[in-house]
Amino acid sequence: QVQLVESGGGLVQAGGSLRLSCAASGRTFSNTTMGWFRQAPGKEREFVAAISWTGGSIWYADSVKGRFTISRDNAKNTVDLQMTSLKSEDTAVYYCVGEPKSYRVPTREYDYWGQGTQVTVSS
């Protein structure tokens with residue numbers, strides 16, 4: 001099992017920045033793709049960003065490209081999401097995800113999920 005714990009959520013004004021962090025523990029973290037999803041009230045959960053084990057492959061949702069940056073530190077078993085130029089439509093619960101099976105689709109398929117952290121952007 002992999003346990004994922006998010007931190008860094010909160011309230012921020014539109015145009016501001018926020019950094020989310022996710023700490024992983026449990027089974028080996030090796031070769032695990034990590035990412036973030038979000039779910040806004042009344043909407044389906046959607047993919048935000050993902051990063052491969054080496055960091056050589058990164059994926060972003062079109063809605064966050066150029067504003068969000070995902071990164072990871074394998075020595076610390078952490079993955080971060082730096083969010084800038086935040087908009088009211090970024091308001092959601094953000095979930096950290098992890099997937100050790102390399103053949104799974106990095107924008108859709110994850111076995112491990114954190115509990116989520118709330119991000120609220122006020123306009």
Original post:
Taking Cα centroids, how far is the range 1-39 from the range 94-123 in Å?
Top reply: 8 Å
Subject >> Sequence of 36, 53 when ordered by accessible area, the most exposed leading, probe 1.4 angstrom >> reply: 53, 36
Original post:
In the chain, with Lys and Arg counted as +1 and Asp and Glu as -1 at Cβ, which of these residues, 41, 31, 2, has the Cα nearest the positive end of the dipole, that is, farthest along it?
Top reply: 31
Subject >> In sequence order, calculated HN-Hα J values of the range 115-123 (Karplus, 6.51, -1.76, 1.60; Hz; x Gly/Pro) >> reply: 7, x, 9, 7, 10, 10, 10, 8, 9
Original post:
Mind checking the dipole of the chain: about its Cα centre, +1 per Lys or Arg Cβ, -1 per Asp or Glu Cβ, Debye to the nearest 20?
Top reply: 120 debye
Original post:
So which GluC sites (Glu not before Pro) in the range 33-123 are both in a DSSP loop and have at most 13 other Cβ atoms within 10 Å of their Cβ?
Top reply: 44, 109
**OP:** Find the Rg to Rh ratio for the chain, where Rh is the Kirkwood radius over alpha-carbon pairs and Rg uses the same atoms.
**Re:** 0.95
**OP:** For the chain, build the charge dipole from Cβ charges (+1 Lys, Arg; -1 Asp, Glu) around the Cα centre, then report which of 12, 74, 112 sits farthest towards its positive end.
**Re:** 74
Subject >> Radius ratio Rg over Rh of the range 19-71, counting only Cα atoms, Kirkwood formula for Rh >> reply: 1.00
**OP:** Express in nm, to one decimal, how much length is gained between residue 17 and residue 122 on full extension, taking 0.36 nm for each residue of separation and deducting their alpha carbon distance.
**Re:** 36.6 nm
Subject >> Partner lysines for residue 87 [C-alpha distance under 27 Å; skip if fewer than 8 residues away on the same chain] >> reply: 43, 65
Original post:
When ranked by the protection proxy of mean other Cβ atoms within 10 Å per residue, highest first, what sequence do the peptides 9-18, 94-103, 114-123 form?
Top reply: 94-103, 114-123, 9-18
Original post:
In what order, largest first, do 38, 19 sit by accessible area if the probe radius is 1.4 Å?
Top reply: 19, 38
Subject >> More than 16 Å apart - percent of Cα-Cα pairs taken over the range 38-105 >> reply: 51 percent
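The values are calculated or read from the model by the stated rules, or taken from the named source; none is laboratory data. All values derive from a computational prediction rather than experimental measurement. Note that we place each Cβ from the backbone using ideal geometry, even for glycine, and neighbour counts take in every protein chain shown. Each accessible area value is taken on the protein alone, full model and side chains, heavy atoms only, with ligands, DNA and RNA left out. Shrake-Rupley method; radii C 1.70, N 1.55, O 1.52, S 1.80 Å.
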